[in-house]
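Visitor: One structure is given below, represented as structure tokens, and several questions about it will come after.
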There are 2 protein chains.
Amino acid sequence: MKFSIEQNEGKPGLVPRTDTPENLESPLGAVDTWLVPNNLFYLRNHHAYPAINFENWRLSVGGQIEYSFSLSYQQLLNMPQITIVNNLECAGNKRAFFTPPASGAQWEIGGMGNASWTGVPLSYVLTQAKLLPGVHEILFTGVDSGPRPDTPGNYHFARSMPLKDISMVDPLLALYMNEQILPFKHGFPVRLIVPGWYGMASVKWLSSITALTSEFTGPYQKIDYLYLSKEHDYSRSRPVTTIKVNSVITSPQDQAIIYPGITVIKGIAWAGNTSITQIEVSTDGGVTWAAVSSTSKNPSRFAWVLWEYHWKVYAPGKYTIQVKATDNLGNVQPAKAPWNAKGYGNNCIHAINIHLPKPVRTQS
Amino acid sequence: MKFSIEQNEGKPGLVPRTDTPENLESPLGAVDTWLVPNNLFYLRNHHAYPAINFENWRLSVGGQIEYSFSLSYQQLLNMPQITIVNNLECAGNKRAFFTPPASGAQWEIGGMGNASWTGVPLSYVLTQAKLLPGVHEILFTGVDSGPRPDTPGNYHFARSMPLKDISMVDPLLALYMNEQILPFKHGFPVRLIVPGWYGMASVKWLSSITALTSEFTGPYQKIDYLYLSKEHDYSRSRPVTTIKVNSVITSPQDQAIIYPGITVIKGIAWAGNTSITQIEVSTDGGVTWAAVSSTSKNPSRFAWVLWEYHWKVYAPGKYTIQVKATDNLGNVQPAKAPWNAKGYGNNCIHAINIHLPKPVRTQS
């Protein structure tokens, strides 16, 4: 019998949440760091991966502007570029913690990732586009498209942003992720990155930028990504926009068995387009809270911060460990996030249960 | 600025349950097949990975036998070998479904895997060993060792099996996994494979085989891997042994959004050292059950079978899909498995919730 001698070891990898389209969460071991490696960065798709004809690929810029034009990949590469470190977070992250369950992929706590993004400021391209009077918002359309179970027809993933919101964060036409050419699954050739906003705003495989004088009503704008207080009730919806203050314990993991002595509790905290002012940890189920300090060396406005707490524990028992963060507007993470039908924006306090076992004496 | 052009895409991978030691679950996409690839096969460890001195490595055979001896890797390779397809399952698989939660890593439904194992039958080596009269069980010791939080001291992972149990399944000294040299993380150079038994019996990094006339009382035999009806009560414990009848839906995933038309429901079912006689699916939360047929081409006594059900559905709504299997001794999976303090042997019926959305009309 002949055998291959390839050593083929298992390693922690991306955690599937749905197969079609592919939605994968980061393992906690991968987000316990400043920049998440590209191959362990969460993936959130609305459709099957698109086919890109890279030979003839152009980014078109049109709508209510003086003269429409399109940009080749080489033209984009030749434009002025900047790098920002930004934490992308899926609007459905922590959806699994809603009671009753909210519809959609049951993201747990790995639907976010800090990365460095390098590309052309959107403002640079919009300045060249010469918007006509009356332009109110900009539409960003991806190459990816497909059907929806709730409406007939085929739709590209497309999202618009009011100009006033764009000017607050200066989105990027990202060509590189963590100093590598943007990976295909993350939107190659170019992805819009909207710093501080939930991930749906950062359109992948960007194919066109369109200036609009009226409101865009595509399904990813007016069916999805709305906070709905009742299912199917679109009358009092609010759009999902910036990322809420949030935090996660990355180590130990839930249900870990710990040893007598020092247990290092660590994790990350972030606050969209504001900043973190306080991080607190409780080891007694929320009765008392200790302020912990950030261990990040290079904080950046839109990035997450790393934190760490050294906890001495000798008494056997089960412990509930929690973390909560506060942003510079005074927003504090809630114990339970307000329920909404599509399960967005859950920034509830993360809790884990760990166990220091009793000494065991057995009969022999 | 210089960039690497490496394309570094994310892919579904092993799902971490604990970091130290490394315990990783298979993603459902990887178990939806006859043989699980080695790099996506679940990993369950009790200690940090051991250092193996392969140059001087020997498998020693001793205890109550006529003459002790040891075998080199080359000697094992030269012995007669057989191949069996066997589903290994972690005794803690589905532990996350116990209420109240049971202590230990919260395995969900990916702690099992079908693989082909090739190696020397244990019976061949035991025949050469010439057991002395009075030998009652055989002890298998791994190279891996470490402390425990509940008892002072350092312990190798070690498990014994009564001779009468050994003779029922003929364990294998496995040198190959899926026709590749056994990967290090799966126990290279040699792993005991006990067909039909929960995974703890299949000792990795096997270093010695010892014939005993008395009962072995190591902590992995007499503290762990016991069904305990009350926490810390070892007086009426029963040992964890063979794998119970069980099944899993591998597709669609829990909380999937489905389309009007045919939805293919598929999965796997297995029954330890017995065999599967019936697989039933319910799409109405358990009110009615339809018998489904196995699609496996090459069933093998200790392996899992694949099954598939084509379900027509047009009415919008939320649906609970369940699967239950029956073995040839008449055992049927329960809705709720009997609780035990350490959370072993959960073979409860797997249920997922899926959603066919209502057509949406929005205001424009």
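The values are calculated or read from the model by the stated rules, or taken from the named source; none is laboratory data. In this text, all values refer to a predicted model and were calculated from it rather than measured experimentally. Note: ideal-geometry Cβ built from the backbone for every residue, glycine included; neighbour counts use all protein chains shown. Note: accessible area is taken over every heavy atom of the protein model, side chains too, but ligands, DNA and RNA are not part of it. Shrake-Rupley method; radii C 1.70, N 1.55, O 1.52, S 1.80 Å.
Visitor: Mind listing, in residue-number order, the residues in the range A:109-149 that have at least 40 Å² less accessible area with every protein chain present than in their own chain alone (1.4 Å probe)?
Guide: Correct list: A:P149.
Visitor: Now for a separate question. Mind putting a number on the dipole of the protein assembly as shown about its Cα centre? Charges go on the C-beta only, +1 for Lys and Arg and -1 for Asp and Glu, and I need it in Debye to the nearest 20.
Guide: Roughly 860 debye for the protein assembly as shown.
Visitor: Ordering B:L228, A:L77 by how much accessible area each has at a 1.4 Å probe, largest first, what is the list?
Guide: Numbers: B:L228 5, A:L77 50 Å².
Largest accessible area first, the list is A:L77, B:L228.
Visitor: Which one of A:I209, B:P252, B:L126 has its Cα pushed farthest toward the positive end of the charge dipole of the protein assembly as shown, where Lys and Arg give +1 and Asp and Glu give -1 at the Cβ?
Guide: Most positive-ward Cα: B:P252.
Visitor: How far, in nm, would the chain grow between A:S60 and A:Y234 when pulled straight, counting 0.36 nm per residue and subtracting the alpha carbon separation?
Guide: Extra length available between A:S60 and A:Y234 comes to 59.4 nm.
Visitor: Please give the length that would be gained between B:T33 and B:S145 if that part of the chain were fully extended, namely 0.36 nm times their separation in residues minus their C-alpha to C-alpha distance (nm, one decimal).
Guide: Difference between extended and current length: 37.0 nm.
Visitor: Could you order A:L131, B:L76 so the one with the most accessible surface comes first? Probe is 1.4 Å.
Guide: Working: A:L131 60, B:L76 0 Å².
So, going from the largest accessible area down, we get A:L131, B:L76.
Visitor: Over the range A:26-179, with every protein chain in place, what whole percent of the accessible area is carbon and sulfur at 1.4 Å, could you tell me?
Guide: Carbon and sulfur atoms account for 56 percent of the accessible area of the range A:26-179.
Visitor: Further question: With the label 7 angstrom out along Cα to Cβ, how close does B:P334 come to the same site in each of the other copies, in nm, nearest first?
Guide: B:P334 label point versus its equivalents elsewhere: 3.9 nm.
Visitor: Considering the dipole of the range A:139-296 built from charges on the beta carbon (Lys and Arg +1, Asp and Glu -1) around the Cα centre, which of A:I166, A:S282, A:T242 is farthest to its positive end?
Guide: The residue sitting most towards the positive pole is A:I166.
Visitor: Along Cα→Cβ, 7 Å out, is where each label goes; now give me the distance between the ones at B:N154 and B:I82 in nm to one decimal.
Guide: Placing both labels 7 Å beyond Cα along the Cβ direction yields 3.9 nm.
Visitor: Further question: Placing the label point 7 Å from Cα along the Cα-to-Cβ direction, what are the distances from A:D233 to the equivalent spots in the other copies, shortest first, in nm to one decimal?
Guide: 4.9
Visitor: At 1.4 Å probe size, with the rest of the protein present, what percent of the exposed accessible area of the range B:187-234 is carbon and sulfur atoms?
Guide: Here it works out to 48 percent.
Visitor: While we're on this one: Once ligands and nucleic acids are excluded and a 1.4 Å probe is used, how much of A:M79 is accessible, expressed in Å² to the nearest 10?
Guide: 30 Å²
Visitor: For the interface of B with A, what's the total buried accessible surface in square angstrom, probe 1.4 angstrom, rounded to the nearest hundred? Walk me through the numbers on the way to the answer.
Guide: Details: alone 17640 and 17650 Å², together 29460 Å².
Buried area between the two chains comes out at roughly 5800 Å².
Visitor: Treat each spin label as a single point 7 Å out from the Cα along the C-beta direction, and report the A:L132 to A:E308 distance in nm.
Guide: Label-label distance for A:L132 and A:E308, simple model: 5.8 nm.
Visitor: Shifting gears a bit: Given a 1.4 Å probe and heavy atoms of the protein chains only, how would you sort A:Y227, A:Y198, A:Y124, B:Y155, largest accessible area at the top? Mind showing how you got there, number by number?
Guide: Details: A:Y227 25, A:Y198 0, A:Y124 85, B:Y155 60 Å².
Final ranking, largest accessible area leading: A:Y124, B:Y155, A:Y227, A:Y198.
Visitor: Would you kindly state the longest site-free stretch of chain B, with sites defined as GluC sites (Glu not before Pro) in a DSSP loop (not H, G, I, E, B) surrounded by at most 12 other Cβ atoms within 10 Å? Show your work: numbers first, answer last.
Guide: Values: sites that count: B:E6, B:E66, B:E215, B:E231.
Looking at chain B, B:67-214 is the longest stretch - no exposed GluC sites (Glu not before Pro) with at most 12 other Cβ atoms within 10 Å.
Visitor: Continuing with this model, one more query. How many nm is it between the label spots at A:D284 and B:S293, if each spot is 7 Å from the Cα in line with the beta carbon?
Guide: The two pseudo-label positions are separated by 6.4 nm.
Visitor: Restrict the search to the range A:305-355; then list the trypsin sites (Lys or Arg not before Pro) that DSSP places in a loop and that have at most 12 other Cβ atoms within 10 Å of their Cβ.
Guide: Hits after loop and neighbour filter: A:K336.
Visitor: Here's another thing I want to ask about it. Computed over the Cα atoms, what is the radius of gyration of the range A:148-230 divided by 2.2 N^0.38 Å, N being its residue count? Write down the numbers at each step before the final one.
Guide: Working: Rg = 14.1 Å, N = 83, 2.2 N^0.38 = 11.8 Å.
Compared with the compact-globule rule of thumb, the range A:148-230 sits at 1.19.
Visitor: Relative contact order of the range A:1-124, please, whole-number percent, based on alpha carbon pairs below 8 angstrom and at least 6 residues apart.
Guide: Values: 178 pairs, mean separation 32.3, N = 124.
Dividing the mean separation by the residue count of the range A:1-124 yields 26 percent.
Visitor: Got the relative contact order for the range A:107-258 handy, in percent, Cα pairs under 8 Å and 6 or more residues apart?
Guide: 25 percent
Visitor: Let me ask another. Over the range A:230-364, calculate the relative contact order: mean separation of alpha carbon pairs under 8 Å at least 6 apart, over the residue count, as a percent.
Guide: 32 percent
Visitor: Calculate the all-directions average of the projected area of chain B's alpha-carbon convex hull, and give it in nm².
Guide: Averaged projected area of chain B's Cα convex hull equals 25.8 nm².
Visitor: Moving to a separate point now. So what's the back-of-envelope 222 nm ellipticity for chain B, counting only DSSP H runs of four-plus at -39500 (n - 2.57) apiece and dividing by all residues, rounded to 500?
Guide: One gets -1500 deg cm²/dmol as the mean residue ellipticity at 222 nm.
Visitor: Whose Cβ in chain A comes nearest the axis that rotates A onto B, and by how many Å?
Guide: That would be A:G13, 1.
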